[in-house]
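The values are calculated or read from the model by the stated rules, or taken from the named source; none is laboratory data. Predicted, not measured: the structure shown is a model, and the values here were computed from it. Please note: Cβ atoms are built from the backbone with ideal geometry, for glycine as well, and neighbour counts cover all protein chains shown.
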Amino acid sequence: MPIPSEQGLRDSSESIAEAIFLIIIIIMVGGPAAGVLLSAATTLSGILTKGAYQVESTRNLAEEVLASSQKIRELERKLAKSELELTTLRRQARETNNLRALLALKAKMTRKTIAAEVIGRNPDNWFEQVELDKGTSDGVLKGSAVITRDGIVGQVVRTTDHASVVRLITDPEQKLGVLIKRIGLPGIISGNGQNLALMDFIPVGTNVDVGDQIVCFGKGGVFPDNHPVGTVAAIRRDTDGASMQIDVKLSENCYDLNEVLVLPPLSQ
């Protein structure tokens, strides 16, 4: 084997040194670059991870909002159903109380009474007439008084075998003899097309006050004596100044009638 010359050894040593120097340079240059790349990769990974988390969080929030909305709608539906049931129960309780009151009134009356139910209203004259489910076959006669526990309703003006029509006390054509109970002053009231009636020709200076009770005069054999009619709501002088006029707030709400008592005239 030939022995390397001195020049060859020198060249080989220089080549190795250059290679080592090049490796050192690459490491020195590549080290920071690798760190930068690693840092950039870490940052990008963090951004992507955060974005994915936010997307997932938003989706979860949307699902929660949707679920909450569905629960709210369900609760609203249940609440509406409960309110409807409560309204129905209250109406039934009111009707039951009215029936009990009518039965108690019927038991106290010393004259014939017929229990009836309001089944309709005159569409041409909504507030002034109602129709009852009892007629001549049940003993209802034309001219019969119609009352409730609370007050006067009106008077029967037309009958058939199984129904009858009542002209309400709110009708201007309906007249009723009454008494201002506290002072014993008689008078006549007429309807006013609303829940107020008018009492005319009261002498000026009469000691009548707002709140005084108005009751039936009850001497004609139609309407029951001393039955509630209403209370004095207002007092004013007539246009001529010679007498006073009284507004009477009716005891019975003729706009909301269900069950009533019919009293045939005593003379028939």
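A few notes on this one:
- Test: residue 99 is part of a helix (DSSP H, G or I), in contact with an Asp or Glu (Cβ under 9 Å, 6 or more places away or on another chain) and either within 24 Å of residue 226 (Cα to Cα) or at pLDDT below 80 (or both): yes
- Scanning the stretch 184-224 for residues that are more than 40 Å from the chain's Cα centre (by Cα), within 13 Å of residue 235 (Cβ to Cβ) and either of a type in the set (D, E, K, R) or part of a loop (DSSP other than H, G, I, E, B) (or both) turns up 204, 205, 206, 207.
- Qualifying residues in the stretch 142-155 (those that are assigned to a loop (DSSP other than H, G, I, E, B) and in contact with a strand residue (DSSP E or B) (Cβ under 7 Å, 6 or more places away or on another chain)) - the one farthest from residue 227 (Cα to Cα): 142
- Residue count, the stretch 85-118 (criterion: touching a residue at least 24 places away in the same chain (Cβ under 8 Å) and either surrounded by 12 or more Cβ atoms within 10 Å (Cβ to Cβ) or of a type in the set (D, E, K, R) (or both)): 16
- Residue in the stretch 242-265 that is nearest to residue 151 (Cα to Cα), counting only those that are small (Gly, Ala, Ser) and in a loop (DSSP other than H, G, I, E, B): 251
- Residue list for the stretch 227-268, restricted to those being exposed (fewer than 12 other Cβ atoms within 10 Å of the Cβ) and either among the charged types (D, E, K, R) or touching a Cys at 6+ places or on another chain (Cβ under 9 Å) (or both): 236, 240, 256
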